[in-house]
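Here is the structure we will look at.
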Amino acid sequence: MPYPLDAAAVRSWCGLALEALGRERERIDAINVYPVADGDTGTNLYLTLESAARAVEAAFDGHTSAGTAPCLADAIGAMAHGALIGARGNSGTIVAQLLRGMTEVLAAGDGSADALRQALRRAAASTYEAVAHPVEGTVLTVATAAADAAEQAAAGAARGVDAAEVARAAHEGARTALQATPGQLAVLSRAGVVDAGGCGLVALLGALADALSGEVSATPVAVRADAPLPEAAGCEVADRAAADGRGAPEGPAFEVIYLLEAGDAAVARLRTRLDGLGDSLVVVGGDGLWNVHVHVDDAGAAVEAGIEAGRPYRVRITHFGGVTRAKEPAMTARAVVAVVPGPGLAGLCAEAGATPVAVRPGEPPASGELVQAIRQAHAREVMLLPNDADLRHTAAAAAEQARTEGVRVALIPTRSAVQGIAALAVHEPGRSFDEDVVAMTAAAGATRYAELAVAERQSWTMAGVCQAGDVLGLIDGDVVVIGSDLTRIATAVLDRMLSAGGEMVTLVLGADAPDGLAERLERHVRARHLAVDTVVYEGGQHAAPLLIGVE
């Protein structure tokens, strides 16, 4: 018996989509040859839907606590928002926009067959609007075919066609279009595979049809154009593509993704600027919140463009490590994955060859996010820098998971970003793994760390009672001085730290650091502490206006 398209159906859709993408993840990863053969499309789509599913569950929990029931608009809106803030990779970002397009129609609360038809049409159109240079033979083509099939099915609404039948027709239309993608995109034809993003969309639409029909099907998505691929043969296609070695020339070195709070006009200017910096540009969202995805050679410039447009956060920068457009990503001997609190630090780490995981205050990364970053480093050996004492258990869990996948991971016990900078400075891939671990750990341990923060409320500290708005100076995590003037607190912290000696001071300026702060602190160090050098970085972090390291 078919089910109505309501909040419960959306919840069921999320669960079934996660199951489907969980089954298909490795097979989709294996056929990922466009736009970059980095072998992570299936994983990115799974993580995107995982974020969407969490948001839907949170919406249901919120209504349960209030003694009410969510409506279709609540559920589909939560799904789209969750996908937006958790979107990964090119395909995940496009799927987030597709869900947003559906929400624009279904938020009216009508779950009829005709409403679903309109929603799928709007979804397909919105994906083309989000991509700077649409390419046929991709997930865009599959989405359009799904909308076309839904259109034909909905035409029979007067004869009693329901939303489940429209969803099933959309799924079948998408499956047919997916099989035609190798004939539309040369790189797919050479590799003998269908489009990976389109493959994920077929799984997503199949889950929708199952949620509405109540007839769950676990039939694998065919990843070759001529016949379904047996489950065990999933990796053979990618192996053949890698062995073939033919394809388009090398693309940009970095994938940059971030959430952005900005107005429409600023985002329009950002699109133009990023389009000139790289390719695979996708900007999705609206109402002041956007998800930006682009492939560039200059990761720092892409982040700076976001800073000029508004407030970027959750910055993720992935180094493709020499990946070409038709080859599997080359495995490197060793890589560094570092958690960093701001876009400036993310750019700094990327320029140093590390894979940064940038986070927003109050939203620490989950272990799965760190595991994904380790995978994207494409290295046999990885140094993991949590750069936060509170992340030690999360990082340890991620390291353990990565080890089960055959990656040798060393967890460097960095408790602050400045310790991470010190560890990264002595990283040397050419020496043995154990020697590199010892050197990076020693450099981090030899760096005392401090930060300035602004108190959010009245509370007791080791230095006494602070009031909301007070400037706090913390050394090694403990409050040691309280005041109202940021510069005075910073100089007091520096003097305390340097009283025990030191040769190098590292200053990492936050997004809210006052103008001229670095210059005043540099003059103070030169005047009061002879033979101590100072280096300054624009970190861009929001939680702390200043981070300090002393070596």
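Rule-based calculations on the coordinates, nothing more; no lab input. Note that this is a predicted model, so its numbers are computed, not measured. When we count neighbours, we look across all protein chains shown, and the Cβ atoms used for this are built from the backbone with ideal geometry, even at glycine.
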Response to the item:
Hydrodynamic calc, the range 331-446: Kirkwood Rh from Cα pairs, then Stokes-Einstein at 10 °C with viscosity 1.306 mPa s, so D in µm² s⁻¹ is 117 µm²/s
Fill in: Residues listed by number, the range 496-510, amide nitrogen under 11 Å from Asp478 label point at 7 Å toward C-beta
none
Discussion item. If I take every Cα pair under 8 Å that is 6 or more residues apart in the chain, average their sequence separation and divide by the length, what percent do I get for the relative contact order?
Written reply: 11 percent
Discussion item. Just to be sure I understand the model, the point goes 7 Å from the Cα along the line to the Cβ. What's the resulting Asp61 to Ala442 distance in nm?
Written reply: 4.6 nm
Worksheet entry | Computed over the range 448-550: relative contact order in percent, which uses C-alpha pairs under 8 Å that are six or more apart | 31 percent
Discussion item. At 7 Å along Cα-to-Cβ for each site, give me the label-to-label distance between Val454 and Arg380 in nm.
Written reply: 5.0 nm
Fill in: Separation of the Asp264 and Ser499 label points, Cα + 7 Å toward Cβ, nm
5.8 nm
Worksheet item: Hey, what angle do you get for helix 234-244 against the long axis of the chain, alpha-carbon based, 0 to 90 degrees rounded to 10?
Response: 70 degrees
